[in-house]
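The values are calculated or read from the model by the stated rules, or taken from the named source; none is laboratory data. Worth saying up front: this structure is predicted, and the values here are computed from it rather than measured. All Cβ positions, glycine included, derive from the backbone under ideal geometry; neighbour counts span all protein chains shown.
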Amino acid sequence: MSYLYVKALHIIFVVTWFAGLFYIVRLFIYYAEAAEKPEPERAILQKQFSLMQKRLWYGITWPSAILTLIFGTSIVIILNLYDPFPSWLIWKIAFVLGLYVYHFLCHAIFKQQQQGILKYNSTQLRIWNEVATLFLISIVFLVVLKSSLSMLWGIVGLILFSAILMLAIRIYKKVREGKS
């Protein structure tokens, strides 16, 4: 029975972690776009977005990332999944490690923007925002389908989905520029 509670908590914190990752990059985009505004609008917006970033990052995203790791590791221990280690779980852990790398890279962008440094424009950040989506799709399909998912078809689907996302971002940018 304790396994079900741990699993429920793991899922809850995965959801809140992803929510934080999705929203923090949106705030990065808004902060970058505010830099194009005239003063005093720029200063007011960037100050507000900086505060929102800090509250989201340290109040939701970081705690959720840590609790996801704790409860996920607990599931592996409770179910004794490390002996023998299922191949789908190895792939899932690889994607989760990639997600933590993404998290740390978002942290670097967060620290830069907190110091008023802008290294990426809003289009680059929009593309960056979709990386979390790719991790989410990959991890969910691995967990749900486990070994019944052919790795080749999974990779092909991921590449096609990535291409569609990039196309959608370009179309959105053109539509947005047309409205300006």
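From (1) touching a Cys at 6+ places or on another chain (Cβ under 7 Å); (2) over 22 Å from W128 (Cβ atoms), pick out the condition that doesn't hold for I75.
The one condition I75 does not meet is (1).
In region 55-74, how many residues are of a type outside the set (A, V, I, L, M) and loosely packed, with under 14 Cβ neighbours inside 10 Å?
Of the residues in that region, 4 qualify.
Output the residues belonging to region 46-61 that are among the hydrophobic types (A, V, I, L, M, F, W, C) and under 14 Å from I12 (Cα atoms).
Listed by number, the list holds a single entry, I60.
Given the structure, is Q53 in a helix (DSSP H, G or I), of a type outside the set (F, W, Y) and more than 23 Å from L136 (Cβ to Cβ)?
For Q53, the condition - in a helix (DSSP H, G or I), of a type outside the set (F, W, Y) and more than 23 Å from L136 (Cβ to Cβ) - is not met.
Here are some conditions: (1) surrounded by 15 or more Cβ atoms within 10 Å (Cβ to Cβ); (2) outside any helix (DSSP H, G or I). I117 meets all but one. Which one does it not meet?
(1)
So which of I159, I169, I127 ends up being β-branched (V, I, T) and modelled with pLDDT of 85 or more?
I127
From the list I109, I117, exactly one residue is closer than 15 Å to Q53 by Cα and touching a helix residue (DSSP H, G or I) at 6+ places or on another chain (Cβ under 6 Å). Which is it?
One residue alone meets the criteria, I109.
Scan region 29-53 for residues that are of a type in the set (A, V, I, L, M) and surrounded by 17 or more Cβ atoms within 10 Å (Cβ to Cβ) and jot them down.
I29, A32, A34
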